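The values are calculated or read from the model by the stated rules, or taken from the named source; none is laboratory data. Computed from a predicted structure; not experimentally measured. Glycine also receives a Cβ, built like all others from the backbone with ideal geometry; neighbour counts cover every protein chain displayed. Ligands, DNA and RNA are stripped out before the accessible areas are found, and what is left, the full protein with its side chains, is counted by its heavy atoms. Shrake-Rupley method; radii C 1.70, N 1.55, O 1.52, S 1.80 Å.
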Amino acid sequence: MSIIFGAMVPHPPLIIPQVGKGEEAGIADTVNAYKEVGRKVAELAPDTIVISTPHSVMYYDYFHISPGASASGSFSRFGVSPSDWSMTVDYDEAFVQKLCDYADELSFPAGVAGERDASLDHATLIPLSPIITCSACSSRRPRWTLEGTWCTSPPGTCPTS
């Protein structure tokens, strides 16, 4: 298991069309940068994506790692109905366990204890959106095709459509 790519991105809620309602045009450079990151991730097809969010549970003496098998989130906090925009992601439980074990070996204060809110926050949902949304057909579907490969088809020919 190795790191194959890294990106640091802002997370303006306006980038989501249901939140921005046209205002996302004012942050076109950010939108385009996200599309580039999404394209790069699709090209690399990683086994696991790790997101660090400034809006999740934080402790001054402990790094929280989200526990469980999956989590969901929406933009209801920004006036968007979960029926119009929501996301559920599966966690890589084996990776989480290895990360916790490694932290223990190093006496590094990190683990899955202390979960306060299991839902995904906007600083997690926004970076995942161009990765989970198929860039080829713009559908809100996982990029994985039924064959288990990333959707990289030209517009209009997406096999996940």
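Quick look at the values:
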read-out	value
Qualifying residue in the range 96-110 (condition: open to solvent by less than 30 Å² (accessible area, probe 1.4 Å) and among the aromatic types (Phe, Trp, Tyr))	no
The one condition in (1) surrounded by 12 or more Cβ atoms within 10 Å (Cβ to Cβ); (2) without any contact (Cβ under 8 Å) to a residue 12 or more places away in the chain; (3) of a type in the set (A, V, I, L, M) that Ala7 fails to fulfil	(2)
Subset of the range 45-89 (residues that are touching a Pro at 6+ places or on another chain (Cβ under 6 Å) and aromatic (Phe, Trp, Tyr))	Tyr62, Phe78
Pairs, first without any contact (Cβ under 8 Å) to a residue 60 or more places away in the chain and under 17 Å from Phe63 (Cα atoms) in the range 84-105, second aromatic (Phe, Trp, Tyr) and open to solvent by 40 Å² or more (accessible area, probe 1.4 Å), C-beta under 9 Å, six or more apart	Tyr102/Phe108; Ala103/Phe63
Subset of the range 11-70 (residues that are part of a helix (DSSP H, G or I), over 27 Å from Asp92 (Cα atoms) and not hydrophobic (A, V, I, L, M, F, W, C))	Pro17, Gln18, Gly20, Glu23, Glu24, Gly26, Asp29, Thr30, Asn32
So Phe75, is it at pLDDT 90 or above and open to solvent by 40 Å² or more (accessible area, probe 1.4 Å)	no
